[in-house]
1. Between a first residue in the range B:354-367 that is farther than 16 Å from residue B:344 by Cβ and a second residue that is of a type in the set (Asp, Glu) and crowded, with 23+ Cβ neighbours inside 10 Å, which pairs have beta carbons less than 8 Å apart while being 6 or more apart in sequence or on different chains?
2. Only residues that are modelled with pLDDT of 90 or more and under 21 Å from residue B:512 (Cβ atoms): list them for the range B:208-242, please.
3. When you go through B:249, B:266 one by one, which is the residue that is β-branched (Val, Ile, Thr), within 14 Å of chain A (Cβ to nearest Cβ) and within 24 Å of residue B:523 (Cβ to Cβ)?
4. Could you list all residues from the range B:544-575 that are farther than 22 Å from residue B:358 by Cα and in contact with a Phe, Trp or Tyr (Cβ under 8 Å, 6 or more places away or on another chain)?
5. Only one of A:171, A:185 is at the interface with another protein chain (Cβ under 9 Å from one of its Cβ atoms) and either part of a helix (DSSP H, G or I) or touching a residue at least 60 places away in the same chain (Cβ under 8 Å) (or both); which?
6. Restricted to the range C:123-167, and to residues that are in contact with a helix residue (DSSP H, G or I) (Cβ under 8 Å, 6 or more places away or on another chain) and among the polar types (S, T, N, Q), which residue is farthest from the other protein chains (Cβ to nearest Cβ)?
7. Quick one: count up the residues across the range C:254-282 that are closer than 30 Å to residue B:90 by Cα and away from chain A (no Cβ under 14 Å).
8. Of everything in the range C:164-215, what is aromatic (Phe, Trp, Tyr) and not in a helix (DSSP H, G or I)? Give them in sequence order.
Amino acid sequence: MTTGPDRQKSIVPSSGSTWRRFWPKALSARFGICLILFWIVMAVLAPWLSPYEPNAQDMAALSDFGPTAAHWLGTDLLGRDILSRILWGARTTLVVVPIATISAFATGTTIGLVSGYFGGFVDRIISGISDIILSFPTLILYIVLIASIGPSMFNIVLAITLASAPSIGRVTRGLTLDLRSRGYVAAAEMRGESVFFTLFLEILPNARGPLLADLCMRAGLAVVTVGTLGFLGLGLPPPDPDWGSMVAENVTMIPVYPYMALFPGLAMCSLVIGFSMLADGLEEDQ
Amino acid sequence: MTPLLQVENLSLTYGADQVVRDLSFSIGRGESFGLVGESGSGKSSIANVIIGDLPKIASARGSIRYDGIDLLCASAEQLRALRGRRIGFVQQDPGASLNPTMRIGRQLLEALEHGDASIGGRNERVGAMLSRVGFENPGAIMARYPHQISGGQQQRVMIAMALLPQPDLILLDEPTSGLDVTVEAAVIDLIAELRAQFGTSLLFISHNLNLVAKTCDRVGVLYAGDLVEEAPAGKVFDAPRHPYTQGLVKCLPGFSATLQPIRGHVPSPQERGPGCLFASRCAHHLADLCDAPVETVALDRFHKVRCARLGDIPVLSREIGAPQDKVADTAPAAITIRQLRKTYPASGADAFVANDSIDLDIRQGEILGLVGESGSGKSTLAKIIAGFDVATSGSIMVGDTDIARLPVRKRSSALLRQVQMVFQNPDSTLNPSHTIGWALGRAVRKLDTQPGRRSALTGRVRELLGLVALLPGLAARKPKALSGGQRQRVAIARALAAQPRLLLADECVSALDVSVQAAIIELLQDIRTRTGTAILFISHDLALVRQISDRIVVLFRGKPMEIGSASQVYSLPLHPYTEALLSADEHRSKKVRTGAVPLAAKSVGGCPYAHRCARSIGDICATQPPPYQTVAKGHQIYCHIPVHELLRLQKAEASLESKFAMDLQETTEGIQHSGAKLAQSAFNLYPRS
Amino acid sequence: MLAFALRRVSQLLVTAIVSSFLLFVVTEFSPGTVSRQILGPYALPNQVALLDQKLGLSQSLPQRYLNWVSILVGLKSNPLGDPALGLNLSDPRGDRYFGNFGYSLMFRQPVRDVLAGPLANSALLGAVAMAFIVPLSLLIGIMAGANAGTRLDRLLSLGSLIVTSIPEYAAGVILLTVFVSYLNWLPGTSPLLASEQWSIASQLVLPVTVLTLASAGYVARIVRASMADTMTKPYVRTALLKGLTKSQIVTRHVIRNGMIPPMTVLLLQLNWLVGGVVVCESIFAYPGVGRLLLQAGLFGDLALVQTITLISLAMAAITQLLADMSYMALNPRVRLT
């Protein structure tokens, strides 16, 4: 019985094109989208934009590593062009990250929906397994897993899925627990809808807001993870560029040639910030 | 003498939305003023603006003078000094209004912090105030946390908190919403009693016209931010002049034979023009006259109406009397419930009994009302019938199938078709991600007996929308574009797609405004006559159940206390519990002890009502299960006391009571406004026998 | 209360046992077995098989897990320590004692001896970092949350968001560039050996800053969200309507209620810190467990990896327990029912 202007406003149907509906209102989300789009464009156009082959060594540059007219962002110790390597590195990141995030989300939302909807025994089993995985510190889990199964793209995707599906599951489970008591879910049950229909057409669409924000946050985390694994030497095998290993290769040179590690580090930061701001803005919009 | 609070030409906007328009009223010292309005009327915003607690986007014009201080111009510090000390406030939802991590005593002491009393003195005052609001052991209450006391007790604490600094004015914003009727009655009594003692002025804000009229000297009726009528309490019921007030009175269950809903909806802030805001729903609307700004007309000193066509509005006429029973005594049972029992495991050795050996027939084509306070197990019963929970033992026969232990997922679609349900909350009954047409189409496809092609499907959806009086164009809309009443209509249409034998309606109108509520009630009755489906109508609102039902079951702690036709139960409430419930609902100066603070004492094997019963005749009540006594054909009570004895007791009390009422009138004459007497007479209109 | 604690402890024990088994299974997947590592890449398959036999590595997985646990709790002696193998591995504590984690093949020493120093170093780093993270994140979170919607709030929230988004190693690189390369105020590496130029304290500054930056922003955001949510509760309005001042309302009514959800996060942050420590130690060449774990992982030193992971699991379990307890202590609804 509370009165307020919001209640009344909702009666008026919202207008606007489809584009408007998907373009977030929060400024931070718009900024985030721009950053992400920037890197997507860079990654797609890397073969045409990058001035050098990512692994080509320029012997002439070995006398002056710092930024020069020939190498805008300088070269690394082997004389490879940093700018080209950053652009190609964006490709690696932007292939692994979406695959890993989508795989983790597909797994996580499914187990979350199932355990939240059925509750009881199923829930206890799923929650128990999730608790066990979550009891490992995330990075340690990655180190142990990758050290055991070896670094490859597939294994990195697998590790990210395994490590983040439980927490996505937890979020989904919480949302499902709330949504499953709604009248429309009961109504679906009373007309004999299948479990699949109830989960994916009645419950999931109404959890999309928070899940989408979570997805963006997880994508940001996946960028960090891929980079961190690269940095720790557990990422994709060399010599192909990836931002994390570029930092690792050059971190010892920072006191003398800081740019070598700084630029890939900054590239990484901007992409993660893009995802975080998008996630934050989406959350705010709700 | 200048009034204590004087509001003049107050206008309030939230951004571009007008919430309150040109509002004026005043409250004298020791006077109580009520503001009634449905949701969207801006009533809570008025309380907020008085106390100076508004969202940032709000802006107010006009003036609010409190004891000479202009509250709209006052500084933040001045306002803070008034809060608590001079103006008390009791919010809705007492459970959420108390800090869950702080002991009650400390929260109460905070209210006295600004006074000059010593620490010890403050403690004493808190203790004294707690005993005045009805706690027997103030020390124990002070040491508790809010979650350890009941909702009614929490609201008593809130009232004590507001009264402690002895303010001149207390604002009560829906102080009893969410409380059971018996508890509500006790809280209202307490407020009236304390007001008489302290001489505090009250501003009572509620959606419940009944309640406001009982508590206040004068009542203001708000509609979409306009004060459409202001009158002494009694006149609001007896001689309302504004078409909206008249419409509102006709919607109230318990006052006339049939409810007459107000058509249309409250205009949203964007739809509000300069003229009369009720115009779009008013039968007397004249374009030229009503669409221009309307002045308030004073009929006499206390009765003011804002209507341009006041001279042409006829006086209120209504069919006085009780609703007719449409008895379907001979109809065969649609479903048969036998020895139904549901227990939940609880801490300790005893299980919590939600349903206790219920025997009940729901007959074809009847509307069976199920009443009880919260926790009485009425929703549990509905859940078991619907298959969202399973019974511990007993049977529910639908045709030849026992569904008592058959969860909804295991029911065949033939069985699902038999029982359908309309849910309580209009906000969550429809999936916000899908259109109305999708929701109805899905129901038709899964449950309709003649599934047809796609074209037939849309035809059937239109048909269903027509059945609940909605336009076919709504099919393309999503639920958020619909009002609460419209959503509930769609939910009813969805349930009807199956052409069910039984429709369960669990508190399906309790979240709606009275005018909308009346329309849904009318619709349900109409559907029953047109489709012949039986309806189990579950509600805590006795007057409403009386209005719609053919037969009534009164449930207490999972056990039917009284079963009978609507007129039998309401004209002759024999069971002590029914009697208490009805008296609390009517809120006569109560004579029957309602046991407002129930103790945890458990009755072993006896009548579940024994420890709250005012007529309990000793140990037998608590230890032996009473028999069902037949009072008349179809009228049974679950009680040890013989029927004739109950009748004798009631009669004896009635004579005593009328004497008591006269005494009360004499003593309160001085304080109360003359309108209050009229209010009293209005309640006597309520059909009792 | 006691029953709840007992139930929680037993749950944790079950989780610990299952996760240690899981850990064992995962690490046993690694390509090089212990025997292969001892004998080197040129050993013949039958030599490896013989050693496997002697070490009990050819048994079934559950059997090996049982052996491993038995050695750990001191019921069995470690076959690697058998002088007959000629591996020259010996343990000054004897061959059977509680908490026997086996031998590190990388260092050819008992794991306990290898770990002692680095563990203390990492604990120091974690403790100093926590000492900054907790007050800083609480301060920022409470300030932003109590003023939700204001410019101050937006500034603090955005700041924390950006700071948490920066991966630790990137933060390390940025800090190194500024404070080491340009300003030359701080040392670039932190070997924890006091030199003439850099004291031990100065060597801690950058690693602690990196950990604090990454963690404090995250916790501050959670504290802020909870505070802002609490500010809208009806009981806060009750306090306002009593005529209390804003600071009275915040200190008496908001902080305690608003701290209930973040309390758990704050403690679990310890757990997260473990991962941060690994990265941080790698950047600054800090002689801690994190770097050791990484080395052990890359080398394939199973005993060392298992032990470090077990320790972090135990820490996770203890923080979880502490989180539950503090939740109960703060929330009377849980405590008294």
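1. Taking only residues 6 or more apart or on different chains, the pairs are B:366/B:550; B:367/B:550.
2. Result: B:221, B:222, B:223, B:228.
3. On the way: B:249 fails: within 14 Å of chain A (Cβ to nearest Cβ).
It is B:266.
4. Selection gives B:548 alone.
5. Details: A:171 fails: at the interface with another protein chain (Cβ under 9 Å from one of its Cβ atoms).
Unique residue meeting the criteria: A:185.
6. This residue is C:137.
7. Initial filter on the range C:254-282 (closer than 30 Å to residue B:90 by Cα): C:254-261.
Filter again for away from chain A (no Cβ under 14 Å), leaving C:254-260.
Of the residues in the range C:254-282, 7 are closer than 30 Å to residue B:90 by Cα and away from chain A (no Cβ under 14 Å).
8. Step one: filter the range C:164-215 for residues aromatic (Phe, Trp, Tyr), giving C:169, C:179, C:182, C:185, C:198.
Those that are aromatic (Phe, Trp, Tyr) and not in a helix (DSSP H, G or I): C:185, C:198.
The values are calculated or read from the model by the stated rules, or taken from the named source; none is laboratory data. Note that this is a predicted model, so its numbers are computed, not measured. Every residue, glycine among them, receives a Cβ derived from its backbone with ideal geometry; neighbour counts consider all protein chains shown.
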